[in-house]
1. Within the range 180-197, restricting attention to residues that are in contact (Cβ under 8 Å) with a residue 12 or more places away in the chain and over 16 Å from the mean Cα position of the chain (by Cα), which residue is surrounded by the fewest Cβ atoms within 10 Å (Cβ to Cβ)?
2. Of the residues 154, 100, which single one is modelled with pLDDT of 95 or more and among the charged types (D, E, K, R)?
3. Give me a count of the residues in the range 119-145 that are surrounded by fewer than 17 Cβ atoms within 10 Å (Cβ to Cβ) and closer than 19 Å to residue 215 by Cα.
4. For the range 198-246, how many residues are among the basic types (Lys, Arg), surrounded by fewer than 16 Cβ atoms within 10 Å (Cβ to Cβ) and not in a helix (DSSP H, G or I)?
5. Considering only residues that are farther than 25 Å from residue 204 by Cβ and assigned to a strand (DSSP E or B), which ones fall in the range 167-180?
6. Search the range 115-130 for residues that are at positive phi and pair each with any residue that is part of a helix (DSSP H, G or I) and among the β-branched types (Val, Ile, Thr) when their beta-carbon atoms are under 8 Å apart and the residues are at least 6 apart or on different chains.
7. Quickly run through the range 104-114 and pick out the residues that are at positive phi and either free of Cβ contacts under 8 Å to residues at least 24 places away in the same chain or basic (Lys, Arg) (or both).
8. Tell me, yes or no, whether the range 171-179 has at least one residue that is at negative phi and crowded, with 19+ Cβ neighbours inside 10 Å.
Amino acid sequence: MTMGTNGAFGYDAYDRIVRAHVDASGLVDYAGVKRDLAELRRFVDQLAATSPENAPERFAMPDERKRYYLTAYNALVLYFAAEAYPSRHALWGRLGFFKDKNIVLGRRELTLNELEHEIIRKQFVDPRIHFFLNCGAVSCPPLQARAIADGATDDELEAATRRFVNDVANVQFDAATRTLSVSKIFEWYEDDFLRYLKATRGLDEPNVADYVRLYLEEPLRTALDAEPSKPLRIEYLSYDKSLNEA
């Protein structure tokens, strides 16, 4: 089992895989991952043996627990997609097993769906996770080509959110019609964004545009803020569920 310094959980195997087979835009060479599937499997086995639940002493800080679960989710999706490759429908296809795929973390059996909704979303009330978790589809947030560094979870989430919001594939604004078009992620997890805005920004009646404003850069930020008295229309972009392969 791979350990970091001082007995900390180690991410070296996962880091080697994504550095070798994920490009700068987050697309994956699944044929390459499949050739190295044994190494990725060793990391999956490491996740199965150890987690913050059965070895809390190795995840003393909240940052380390969040780092573990975010990495586990992305690594497991990557493993399932690569294992099924060249099939491109294992995750999102009609007969795909994305939501109910059985996994093991720290000797506890659960599903990917439970990992996302019952652990990650409930333990870490942080909507930025939705811009880091990668579900193997083109319209998902891009898979990062490195593991999260020690102590860098917050920085990684902040950077991932800023990249996602400022990518025209995910956020568009038509000033003439006052229409903000955003990824369906903002629709699927709207409650997470609104709850965060109410709790941390003191907004009584927030909407997803208020969250987008936190990260949107110029010139769109100024255009969005112009003429606030005019009604803002929010639309949701189509979501490309095809495999995020290079």
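1. Going through the qualifying residues, I end up with 195.
2. 154 is the lone residue from the list that is modelled with pLDDT of 95 or more and among the charged types (D, E, K, R).
3. The qualifying residues number 1.
4. Summing the residues that are among the basic types (Lys, Arg), surrounded by fewer than 16 Cβ atoms within 10 Å (Cβ to Cβ) and not in a helix (DSSP H, G or I) in the range 198-246 gives 2.
5. 172, 174
6. none
7. Our first condition is that a residue be at positive phi; within the range 104-114, this holds for 106-107.
Matches in the range 104-114: 107 only.
8. Looking through the range 171-179, at least one residue is at negative phi and crowded, with 19+ Cβ neighbours inside 10 Å.
The values are calculated or read from the model by the stated rules, or taken from the named source; none is laboratory data. Fair warning: this is a prediction, and the values are worked out from it, not measured in the lab. Positions of Cβ are backbone-derived with ideal geometry, glycine not excepted, and every protein chain shown enters the neighbour counts.
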